[in-house]
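Contents: one structure, followed by commentary.
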């Protein structure tokens, strides 16, 4: 790429994550490191690497006054912003261990993590968040110091009433002192990242400096990244995928990171920032996919057909460029369709994306096909918090959207018992914090990490086929992986959330959360009162919903037959305990909540 340059810091030169930052500052001191939106002044601002270093020095000096020792844990509960990085780097440079918390997690979960990890310091966004968290902490020992970032009258009142609380603006010195790169052990603990906890309490994944550095470096060998690249960061930095791929990796390559204001403002930020790289979970792409579909419904039929033709021919062109098919006469139309259909869609994403990476959950093939057909360079990857996190990713030049890619350099994969994918390599975690039993269960006797995912490997590519814990075993012994079924049914705009049940039963059933905006219109079609709970159990409505499910699953194997359904308008959320902070469904909690409905679905016939 003309005018684009590489400046990759090696794992050996970095040694530690704070060493990575130290090396980057000295290589690129006057280049832009971060863009962010200043809410107080209502404008976008920038920080160079040198300016970031100056801020890290201030935080470092302030942390040194807190009587902390190397190995002590400090927690961060912030939205994505430069201060997240600055606090993390200051802590790491002192040998401290960072514990990230999700801003939208439940207070009792956050309180549990603070106590489990003995976090001595907590950096939190504002006084309101601290007021919600403080009652859950109660009289517990940790944290000993609470730092509130946003300075206002309410924050000052809280700091006066609670001696643990300090305002960052008053806590920070005017400037800090220079320091040299540490000669630290790369295998030492850098962070404890608590898993989402779909069952039981979350476990603290211990990752070393080398774990994360090796993962970031191996990821760059799969996807070239340049100094001129601009990442748009919008997944929470408490998510390991975002932290490794949109924080440490750009630091390793000297790229710039811009922090999106919010998911609701993402469309505007894409236009303003015009990123070249984004890392996202499938739900982000699914929302854009559904928005495009909804908008097309209101357009004349010829325009809808033109859009479908563009996606179909764009997909043919993609397959040709990947070397998986030859030339086709329809490709003569592609230059026109690219200009009239594909380019306007890509312009809404900023118009400069050269790589979009989806990870954290399976990406529906229909969604991938649409975006790739419109010439978005979209690749899917796979990983776990326990692997720092990336295990595999599709290269742009060998992209199979129905797979999760090929293993990163240095990572070994094998298929174990029950078709389980198992991993060995430098990115495997040190273990679970204070949980030797869980650590032992996670590894095989010969040292391979159990992913819990079923997979097959063909032509180097990894294909995830199911989740061992989520496999439903029907009463006839047939094994059903529900995840792909749920994902496909969930593409219907009428269904916001889906769970397939049937463990130990003779057939499958579904619990469906209806889209609250579409429900009144649907109820009207059946002459039902949308405000009456009884309307959701209307037999003709349920029969038609089952037909929609059958149509959605038409291409699935014979096991994918859902015979009963329960409809609800109650969304599953973090607040009601049915979603994890990473938006994964807590299956056991949902099944427990709908126990009576499940009993009825297996006791009666429609």
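The values are calculated or read from the model by the stated rules, or taken from the named source; none is laboratory data. Keep in mind that what you see is a predicted model, and the values were worked out from it rather than measured. Methodologically, a virtual Cβ is constructed for each residue, glycine included, from the backbone with ideal geometry; neighbour enumeration extends over all protein chains shown.
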- Item | Every residue from the stretch 395-408 that is under 18 Å from residue 355 (Cβ atoms) and in contact with a helix residue (DSSP H, G or I) (Cβ under 8 Å, 6 or more places away or on another chain) | 395, 399, 401, 405, 406, 408
- Specify the residue that is modelled with the lowest pLDDT; the eligible residues are those in the stretch 179-197 that are under 22 Å from residue 78 (Cα atoms) and part of a loop (DSSP other than H, G, I, E, B). 197
- Note on the structure: Checked 597, 560, 565 against criteria (within 21 Å of residue 363 (Cα to Cα), assigned by TED's automatic domain parsing to the domain that holds residue 507, surrounded by 15 or more Cβ atoms within 10 Å (Cβ to Cβ) and touching a strand residue (DSSP E or B) at 6+ places or on another chain (Cβ under 9 Å)); the one match is 560
- Item | Which numbered condition residue 591 misses (of (1) buried (at least 18 other Cβ atoms within 10 Å of the Cβ); (2) at pLDDT below 95; (3) assigned to a helix (DSSP H, G or I)) | (1)
- Going by the conditions given, is residue 466 more than 15 Å from residue 414 (Cβ to Cβ), at pLDDT below 95 and assigned by TED's automatic domain parsing to the domain that holds residue 568? no
- Which one of the conditions (1) under 25 Å from residue 552 (Cα atoms); (2) touching a strand residue (DSSP E or B) at 6+ places or on another chain (Cβ under 6 Å); (3) buried (at least 18 other Cβ atoms within 10 Å of the Cβ) does residue 468 fail to meet, given that it meets all the rest? (3)
- Task: Keeping to the stretch 66-88, report how many residues are more than 18 Å from the chain's Cα centre (by Cα) and surrounded by fewer than 24 Cβ atoms within 10 Å (Cβ to Cβ).
- Result: 10
- Note on the structure: Of the residues in the stretch 344-361 that are in a helix (DSSP H, G or I) and in contact (Cβ under 8 Å) with a residue 24 or more places away in the chain, the one that is surrounded by the most Cβ atoms within 10 Å (Cβ to Cβ) is 345
- Restricting attention to the stretch 570-583, which residues are surrounded by 15 or more Cβ atoms within 10 Å (Cβ to Cβ) and farther than 15 Å from residue 501 by Cβ? 571, 574, 577, 579, 580, 581, 582, 583
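Condition check ((1) touching a strand residue (DSSP E or B) at 6+ places or on another chain (Cβ under 7 Å); (2) farther than 17 Å from residue 223 by Cβ) across all residues:
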position	(1), (2)
348	no, yes
352	no, no
357	yes, no
409	no, no
437	no, yes
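Listed here are the residues, each with its yes/no results for (1) assigned by TED's automatic domain parsing to the domain that holds residue 38; (2) at pLDDT below 95; (3) buried (at least 20 other Cβ atoms within 10 Å of the Cβ); (4) not in a helix (DSSP H, G or I).
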position: 90; (1), (2), (3), (4): yes, no, yes, no
position: 143; (1), (2), (3), (4): yes, no, yes, yes
position: 173; (1), (2), (3), (4): yes, no, no, yes
position: 177; (1), (2), (3), (4): yes, no, no, yes
- Message: Considering only residues that are part of a loop (DSSP other than H, G, I, E, B) and surrounded by 14 or more Cβ atoms within 10 Å (Cβ to Cβ), which ones fall in the stretch 1-60?
- Response: 7, 8, 9, 15, 16, 29, 31
- Query: Taking the stretch 216-240, which residues are within 21 Å of residue 406 (Cα to Cα) and in a loop (DSSP other than H, G, I, E, B)?
  - Reply: 223, 224, 225
- Task: Kindly indicate whether any position in the stretch 241-261 is surrounded by 22 or more Cβ atoms within 10 Å (Cβ to Cβ), in contact with a strand residue (DSSP E or B) (Cβ under 8 Å, 6 or more places away or on another chain) and part of a loop (DSSP other than H, G, I, E, B).
- Result: yes
- Task: Quickly run through the stretch 500-523 and pick out the residues that are touching a helix residue (DSSP H, G or I) at 6+ places or on another chain (Cβ under 6 Å) and either modelled with pLDDT under 90 or in a helix (DSSP H, G or I) (or both).
- Result: 523
- Just wondering, is there one or more residues in the stretch 109-122 that are modelled with pLDDT under 95, in a loop (DSSP other than H, G, I, E, B), surrounded by 20 or more Cβ atoms within 10 Å (Cβ to Cβ) and within 26 Å of the chain's Cα centre (by Cα)? no
- Here are some residues: 5, 29. Which one is over 18 Å from residue 243 (Cβ atoms) and outside the structural domain of residue 118 (by TED's automatic domain parsing)? 5
- Message: Name the single residue that is nearest to the chain's Cα centre (by Cα) among those in the stretch 401-451 being loosely packed, with under 14 Cβ neighbours inside 10 Å and on the phi > 0 side of the Ramachandran plot.
- Response: 419
- Message: So residue 497 ticks every box in (1) at pLDDT 95 or above; (2) under 21 Å from the mean Cα position of the chain (by Cα); (3) not assigned by TED's automatic domain parsing to the domain that holds residue 549 but one. Which box is left unticked?
- Response: (3)
- Keeping to the stretch 92-104, report how many residues are out of contact with any strand residue (DSSP E or B) (no Cβ under 7 Å at 6 or more places or on another chain) and surrounded by 22 or more Cβ atoms within 10 Å (Cβ to Cβ). 1
- All but one of (1) over 22 Å from residue 220 (Cβ atoms); (2) in contact with a helix residue (DSSP H, G or I) (Cβ under 8 Å, 6 or more places away or on another chain); (3) touching a residue at least 24 places away in the same chain (Cβ under 8 Å); (4) not in a helix (DSSP H, G or I) hold for residue 86, so report the exception by its number. (4)
